[in-house]
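Peer 1: Before we start, here is the structure in question, set down as structure tokens.
No lab work stands behind these numbers, since they all come straight from the coordinates. Computed from a prediction, not measured in an experiment: that's the story for all the values here. With ideal geometry, Cβ positions are generated from the backbone for all residues, glycine too; neighbour counts draw on all protein chains shown.
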Amino acid sequence: MPFNVKCKLVKKEFLKDDICKMTILAPEIAKSAKPGQFLEIRVVDNIEPLLRRPISIYNVDKDKDEVEFIFQIKGNGTELLSKRREGELLDIMGPLGYGTFKFDGYKNIAIIGGGIGIFPLYELSKRAKNAGVNSSIYIGFRNKDLVMLEDEFKKVCDELILTTDDGSYAKKGFAINFLKEDAKQNKPDCIYACGPLPMLKAVQAFAKEENIPCQISLEERMACGIGVCLGCAVKYVGNDNVNYKHVCKNGPVFNATEVEI
Amino acid sequence: MNLEVNLAGMKMKNPITVASGTFGYGREFAEYIDLNKLGGIVTKGTSLKLKDGNKPPRVCETASGMLNAIGLQNPGVEYFMNYDLPWLRKFDTNIIVNACGNSIDEYVELSKILNTLDIDAVELNLSCPNVKAGCMAFGTSYEGVKEVTTQVRKALTSKPLIVKLTPNVTDITQPAKGAEDAGADGVSLINTLLAMKIDIDKQRPVLANNTGGLSGPAIKPVAVRMVYQVAQAVKIPILGLGGIVTGDDVIEFMLAGATAVSIGTGNFIAPDTSIKAIEGVEKYMKKHNIENLSDIIGKVQMN
Ligand SMILES: Cc1cc2nc3c(=O)[nH]c(=O)nc-3n(C[C@H](O)[C@H](O)[C@H](O)COP(=O)(O)OP(=O)(O)OC[C@H]3O[C@@H](n4cnc5c(N)ncnc54)[C@H](O)[C@@H]3O)c2cc1C
Ligand SMILES: Cc1cc2nc3c(=O)[nH]c(=O)nc-3n(C[C@H](O)[C@H](O)[C@H](O)COP(=O)(O)O)c2cc1C
Ligand code: FES
């Protein structure tokens, strides 16, 4: 059940010059949020910019009624959002999306993320860990300067494999290649992915080849965020009798075999 | 205070409806607002058969507005009547079905079905800019609108018929007169303005369809002007829309000549935009000592 609520911004911090983390007080959202879900945030209480910005839930603290999200400052909307002050009220819709990360029944999973695509994977990793699921997390960045959240992710998995494309920090190469290598020895029950499109495509292809269940989180331009405008279409190739599904409602997480990206 | 209006024979508890394509068939919004408070719900554009719609990206934001090229994706009228209509009927509000097609035959077939359903009115969409055949092709001239409307009118004998007009014309009064002369009970305007946005890094249009329809507050002044012009040209009532967000916007459209209004893109700003607009209208009525809201329809005094 989604809500439209005014949430107090309790904490704001910058992980990098252009990466902002916000903690909001949102009891309704904290209680019902599932891993992979997102928020539609009105960056300012104005009609300009007109549309809300979709941002994934990073972490949920049910005891404190708090929800955290992390975003990169990309354009005008995220810039304005990053300037909001602690104590202010943010107009937020959420938790949104009926397609969420699911790990019921799996004992051994692999989680892979690239760049700013790692944010929605944290809550999944945390819950899987708490449920006693064995997990390996592969996260890749372009270079050392972009590396973030290493300690946080380390705490919520059994093994963290961190890579940089240029080798300036940790392992050199693409995260997907390390995942492929490990999967040969120890085939995961399911792969979870979020990140840039080329990475998602590679993961999707690999999972198909090896016949491993795979859940991927997608992005598409949105207007409503709740499934009414039919803007955020993704080509659907699964068994339901439709050619398009919608990221905001049917996703953002899809079975990799059901979408064409 | 009385907010009631009568649009084309349809009694409405207030003049505020939600616009086609921005509210689905109501289910998603029912999680946020009380649909019983609305004067009416205009459904997503519905065709005879299921439609897939266009390739993504289908939407993008612009200054105080947005572009869309959805391509009229919808599940078809049969699905609507079996699945959505019974659910919608549980609410005490008017249900207006936005009807679209690719040919006169399709419009007529669809109208025959709609004629038998428990709905309050039909809004005939002759104005979608995002599909190649149909829709806007008929909607831009006096003759085109008159021709389709005449045929539809013959099939749609038991429901009010409201013809939705495109603003992508030189003289909006021409298609409006075409609708009136063919026996329409009302007209609604405006649909979106044909537009384009270019991604300057990729040096290509943002929308996969290249062009799309502009909506939102950016188009409101154009819509107000057109509602005023049409109000001078025809006698049938007007359902006004284009960029409405607040109660003040609603009043502006009514002064220009609209009997009722629809809120479209405004629903994306916040799910309760329509409810807030009703409250805004009440505030205006109090401030100006207006007992009957319908008294202000068309009451703008020109300079
Ligand atoms: C389901 C989902 C979850 C997301 N989660 C996160 C997250 O956790 N952290 C994060 O940093 N970013 C996330 N994004 C991307 C984020 O929404 C965009 O970076 C943001 O909307 C850019 O807004 P802007 O005004 O700064 O940029 P501008 O480029 O000025 O935005 C212009 C318009 O394009 C839209 N837009 C631009 N880029 C994207 C994009 N990648 N996806 C969808 N719409 C876009 C904007 O919403 C806006 O309407 C997510 C996107 C989606 C769809
Ligand atoms: C995402 C989207 C989908 C739309 N779909 C339809 C449609 O199916 N049929 C129709 O007649 N108009 C459709 N419209 C047009 C709106 O009903 C309305 O005429 C237009 O957006 C102007 O009003 P607004 O500025 O309040 O949005 C759509 C508009 C948007 C933004
Ligand atoms: S953003 Fe409107 S349907 Fe997904």
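Peer 1: Would you tally the net charge around A:PRO35, using a Cβ to Cβ cut-off of less than 9 Å, leaving A:PRO35 out, and scoring K and R as +1, D and E as -1?
Peer 2: Local charge sum for A:PRO35: +3.
Peer 1: I've got another one for you. Once phi is turned into θ = phi - 60°, what whole-Hz ³J(HN,Hα) does the Karplus curve with 6.51, -1.76 and 1.60 give for every residue of the stretch B:78-95, x standing for Gly and Pro?
Peer 2: 5, 4, 4, 6, 7, 10, 8, 4, x, 5, 4, 5, 5, 9, 8, 7, 7, 10
Peer 1: Ok, one more. What does the charge dipole of the stretch A:108-260 about its Cα centre add up to, to the nearest 20 debye, if the Cβ of each Lys and Arg holds +1 and the Cβ of each Asp and Glu holds -1?
Peer 2: That gives a dipole near 80 debye.
Peer 1: log10 I(q)/I(0), Debye, Cα-only the stretch B:175-230, no solvent, q = 0.14, 0.21, 0.31 Å⁻¹?
Peer 2: Debye intensities relative to I(0), on a log10 scale: -0.55, -0.84, -1.15.
Peer 1: Hey, got the Cα dimensions of the stretch B:46-92 along the principal axes, in Å, largest first?
Peer 2: 38, 27, 12
Peer 1: Roughly how many Å is it from the Cα centre of the stretch B:251-300 to that of the stretch B:136-193, as a whole number?
Peer 2: When both Cα centres are located, 24 Å separates them.
Peer 1: Quick test of your reading: applying the under-4.7 Å Cβ rule, which cysteines of chain A are isolated?
Peer 2: That list is A:CYS7, A:CYS20, A:CYS157, A:CYS190, A:CYS194, A:CYS214, A:CYS232, A:CYS248.
Peer 1: Given DSSP loops and a limit of at most 16 other Cβ atoms within 10 Å, what is the longest stretch of chain B that contains no such trypsin sites (Lys or Arg not before Pro)?
Peer 2: It runs B:133-201.
Peer 1: Compute a Gaussian network model of chain A, connecting alpha carbons closer than 10 Å, and tell me which residue from A:GLU68, A:GLU48, A:GLU150 fluctuates the most.
Peer 2: Of the options given, A:GLU48 has the highest mean-square fluctuation.
Peer 1: How far apart, in nanometres, would the label points at A:GLU88 and B:LYS299 be if each is projected 7 angstrom from Cα along the Cα-to-Cβ direction?
Peer 2: Taking the two extended label points, one gets 4.0 nm.
Peer 1: Related question: Taking the Cα centre of the stretch B:194-303 as origin and charging only Cβ (+1 Lys, Arg; -1 Asp, Glu), how large is the dipole, in debye to the nearest 20?
Peer 2: 280 debye
Peer 1: Let me ask something else about it. Radius of gyration and Dmax for the stretch B:1-153's Cα atoms, expressed in Å?
Peer 2: Looking at the stretch B:1-153, its Cα Rg and Dmax stand at 15.8, 48 Å.
Peer 1: Can I ask one more? Farthest toward the dipole's positive end in the protein assembly as shown, which of B:ILE263, A:ILE216, B:LEU194, given Cβ charges of +1 (Lys, Arg) and -1 (Asp, Glu) about the Cα centre?
Peer 2: It is A:ILE216, whose Cα lies furthest towards the positive end.
Peer 1: Would you please report the Å³ per residue occupied by the convex hull of the alpha carbon atoms in the stretch A:34-150?
Peer 2: Looking at the stretch A:34-150, the number lands at 127 Å³ per residue.
Peer 1: Report, as an integer, the average count of C-beta atoms from other chains found within 10 Å of each Cβ along B:72-78.
Peer 2: Per residue, the average neighbour count from other chains is 2.
Peer 1: For chain A, treating each Cα as an identical point scatterer without solvent, what Debye log10 I(q)/I(0) comes out at q = 0.08, 0.09, 0.12, 0.14 1/Å?
Peer 2: Normalising to I(0) and taking log10 leaves -0.30, -0.38, -0.69, -0.96.
Peer 1: Using only the Cα atoms of chain B, what do you get for the radius of gyration and for Dmax, in Å?
Peer 2: Cα radius of gyration and Dmax of chain B are 17.9, 56 Å respectively.
Peer 1: For labels at A:LYS74 and A:ASN255 in the simple 7 Å Cα→Cβ model, what's the distance in nm?
Peer 2: Those two pseudo-labels are separated by 2.8 nm.
Peer 1: How far, in degrees from 0 to 90, does helix A:175-185 lean away from the longest principal axis of the Cα atoms of chain A, to the nearest 10?
Peer 2: Its long axis makes an angle of about 40 degrees.
Peer 1: Sticking with this one: In 10 Å bins starting at zero, report the fraction of Cα pairs in the protein assembly as shown per bin as a rounded %.
Peer 2: 4, 17, 26, 23, 15, 9, 4, 0, 0
Peer 1: Just rank A:PHE14, A:PHE174, A:PHE71, fewest to most, by other beta-carbon atoms within 10 angstrom. Before the final figure, lay out each step's value.
Peer 2: Working: A:PHE14 11, A:PHE174 19, A:PHE71 22.
In increasing order of surrounding Cβ atoms, one gets A:PHE14, A:PHE174, A:PHE71.
Peer 1: Give me the net charge of A:ILE118's neighbourhood, meaning all other residues with Cβ under 11 Å from the Cβ of A:ILE118; Lys, Arg count +1, Asp, Glu -1.
Peer 2: Numbers: positive: none; negative: A:GLU150, A:GLU152.
In short, -2.
Peer 1: How far, in degrees from 0 to 90, does helix A:121-130 lean away from the longest principal axis of the Cα atoms of chain A, to the nearest 10?
Peer 2: Helix A:121-130 and the main axis of chain A meet at about 70 degrees.
Peer 1: Fewest first, what order do A:ASP151, A:ASP166, A:ASP182 take by the number of other Cβ atoms within 10 Å?
Peer 2: A:ASP151, A:ASP166, A:ASP182
Peer 1: With N set to the residue count of the stretch A:108-260, report its C-alpha Rg divided by 2.2 N^0.38 Å to two decimal places. Intermediate results must be reported in sequence, preceding the final value.
Peer 2: On the way: Rg = 15.7 Å, N = 153, 2.2 N^0.38 = 14.9 Å.
The value comes to 1.05.
Peer 1: While we're on this one: Express the C-alpha Rg of the stretch A:3-96 as a ratio against the empirical globular expectation 2.2 N^0.38 Å, rounded to two decimals.
Peer 2: Cα-based Rg divided by the globular estimate yields 0.97.
Peer 1: Give, rounded to the nearest 20 debye, the magnitude of the charge dipole that the stretch A:3-96 has about its Cα centre when Lys and Arg contribute +1 at Cβ and Asp and Glu contribute -1 at Cβ.
Peer 2: Value, rounded to 20: 60 debye.
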